[in-house]
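Below you'll find the structure, written out as structure tokens, and then a few comments.
The values are calculated or read from the model by the stated rules, or taken from the named source; none is laboratory data. Source: prediction; values computed, not measured. Cβ atoms come from the backbone with ideal geometry, glycine included; neighbour counts cover every protein chain shown. Each accessible area value is taken on the protein alone, full model and side chains, heavy atoms only, with ligands, DNA and RNA left out. Shrake-Rupley method; radii C 1.70, N 1.55, O 1.52, S 1.80 Å.
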Amino acid sequence: MLEELKKRVYEANMLLPKHGLVTFTWGNVSEIDRESGFFAIKPSGVDYDELTPDDMVIMDLDGNKIEGKYNPSSDTATHLELYKAFPKIGGVVHTHSSWATSWAQAGRGIPCYGTTHADYMYGEIPCARCLTKEEIDGEYEKNTGLLIVDLFKDRDYEAVPAVLCKNHGPFSWGKDGHEAVHNAVVLEEVAKMAARCETINPQVEPAPQELQDKHYYRKHGANAYYGQK
């Protein structure tokens, strides 16, 4: 079971450079096996060109390393808090992809300006506040996760599978590591299009709600009809 989990997480991590979401080692993917409570994550600071499936680190939800020769990603505690709070997710991605990170550094959520966004994310992709000095000086990565969880206490984490952390960068999630990466790619494209949209028309307004609803619900929910059965 753990070997298969490590293989899937390795393959998901390798999609990040393939899709241009990471520079150097600036990103990580994890995936959890809910039955065992173990998750696999990329090791900290290891170059993508050098990674192998065996390099993936196995952790439990108490933050203990179960298996692995390397230290896990420095963002492991953030992933852990998301898995604990969002029981329907199976994979988490963090990157410093340039367009999404630009919105995060600006401290702005990404409004839904069109149907590409609406197909995947229901409404604005929110930006969390910056951590306080006490939160930064304390358990920084854990507090990042707790901040995201708090931001989503009145939001649907399945309908909006992504978030921006102010002055930091994006996190996304999904049913497994591959879907989480898919959502990270969508987030980056949406961030790029939204920034260009505001440059072309600084007075632009979000897409009409009825158009957002149409595109989101034709792909999600009981009456979805997009794609093949």
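The set of residues from the range 2-37 being over 22 Å from residue 83 (Cα atoms) and open to solvent by 80 Å² or more (accessible area, probe 1.4 Å) comprises 18, 19, 24. Whether a residue is touching a Gly at 6+ places or on another chain (Cβ under 8 Å) and surrounded by fewer than 21 Cβ atoms within 10 Å (Cβ to Cβ) was assessed, and residue 62 does not pass this test.
Only residues that are among the polar types (S, T, N, Q), open to solvent by 70 Å² or more (accessible area, probe 1.4 Å) and under 23 Å from residue 21 (Cα atoms) were counted in the range 183-206, giving 1. Would the range 70-80 turn up any residue that is touching a Lys or Arg at 6+ places or on another chain (Cβ under 8 Å), over 24 Å from residue 46 (Cβ atoms) and open to solvent by 10 Å² or more (accessible area, probe 1.4 Å)? Checked against the condition, which is being touching a Lys or Arg at 6+ places or on another chain (Cβ under 8 Å), over 24 Å from residue 46 (Cβ atoms) and open to solvent by 10 Å² or more (accessible area, probe 1.4 Å), the range 70-80 yields no hits at all. Is it true that some residue in the range 105-120 is exposed (fewer than 15 other Cβ atoms within 10 Å of the Cβ), in a loop (DSSP other than H, G, I, E, B) and hydroxyl-bearing (Ser, Thr, Tyr)? No; the residues of the range 105-120 include none that is exposed (fewer than 15 other Cβ atoms within 10 Å of the Cβ), in a loop (DSSP other than H, G, I, E, B) and hydroxyl-bearing (Ser, Thr, Tyr).
Going residue by residue through the range 121-132, is there one that turns out to be over 24 Å from residue 37 (Cβ atoms), open to solvent by 40 Å² or more (accessible area, probe 1.4 Å) and in contact with a Pro (Cβ under 6 Å, 6 or more places away or on another chain)? First the steps, then the outcome.
Keep residues of the range 121-132 that are over 24 Å from residue 37 (Cβ atoms), which gives 121-132.
So of that shortlist, the ones also open to solvent by 40 Å² or more (accessible area, probe 1.4 Å) come out as 122, 124, 129-130, 132.
Those left that are additionally in contact with a Pro (Cβ under 6 Å, 6 or more places away or on another chain): 124.
Yes, the range 121-132 has at least one match.
Of the residues in the range 46-58, how many are open to solvent by less than 60 Å² (accessible area, probe 1.4 Å) and within 19 Å of residue 15 (Cβ to Cβ)? Total meeting the criteria: 9.
Could you pull out the residue among 41, 66 that is modelled with pLDDT of 95 or more and out of contact with any helix residue (DSSP H, G or I) (no Cβ under 6 Å at 6 or more places or on another chain)?
Details: 41 fails: out of contact with any helix residue (DSSP H, G or I) (no Cβ under 6 Å at 6 or more places or on another chain).
Matching residue, one of 41, 66: 66.
Among the residues of the range 204-223, write down those that are assigned to a loop (DSSP other than H, G, I, E, B) and either within 17 Å of residue 116 (Cβ to Cβ) or in contact (Cβ under 8 Å) with a residue 40 or more places away in the chain (or both). If the condition is that a residue be assigned to a loop (DSSP other than H, G, I, E, B) and either within 17 Å of residue 116 (Cβ to Cβ) or in contact (Cβ under 8 Å) with a residue 40 or more places away in the chain (or both), then 204, 205, 206, 207, 208, 218, 219, 220 are the ones that fit.
Say whether the condition of being under 17 Å from residue 108 (Cβ atoms), open to solvent by less than 70 Å² (accessible area, probe 1.4 Å), part of a helix (DSSP H, G or I) and without any contact (Cβ under 8 Å) to a residue 40 or more places away in the chain is met by at least one residue in the range 154-161. I'd like the intermediate steps shown before the answer.
Taking the range 154-161 and keeping what is under 17 Å from residue 108 (Cβ atoms), we get 155, 160.
Imposing the further condition that a residue be open to solvent by less than 70 Å² (accessible area, probe 1.4 Å) reduces the set to 160.
Add one more test, that the residue is part of a helix (DSSP H, G or I), and what stays is none.
No; the residues of the range 154-161 include none that is under 17 Å from residue 108 (Cβ atoms), open to solvent by less than 70 Å² (accessible area, probe 1.4 Å), part of a helix (DSSP H, G or I) and without any contact (Cβ under 8 Å) to a residue 40 or more places away in the chain.
Quick one: which residue in 74, 44, 30 is in contact with a His (Cβ under 6 Å, 6 or more places away or on another chain) and under 28 Å from residue 152 (Cα atoms)? Lay out the reasoning, then the answer.
Working: 74 fails: in contact with a His (Cβ under 6 Å, 6 or more places away or on another chain); 44 fails: in contact with a His (Cβ under 6 Å, 6 or more places away or on another chain).
Among 74, 44, 30, only 30 is in contact with a His (Cβ under 6 Å, 6 or more places away or on another chain) and under 28 Å from residue 152 (Cα atoms).
Checked against (1) open to solvent by 20 Å² or more (accessible area, probe 1.4 Å); (2) touching a Cys at 6+ places or on another chain (Cβ under 6 Å), residue 98 passes all but a single condition, namely (2).
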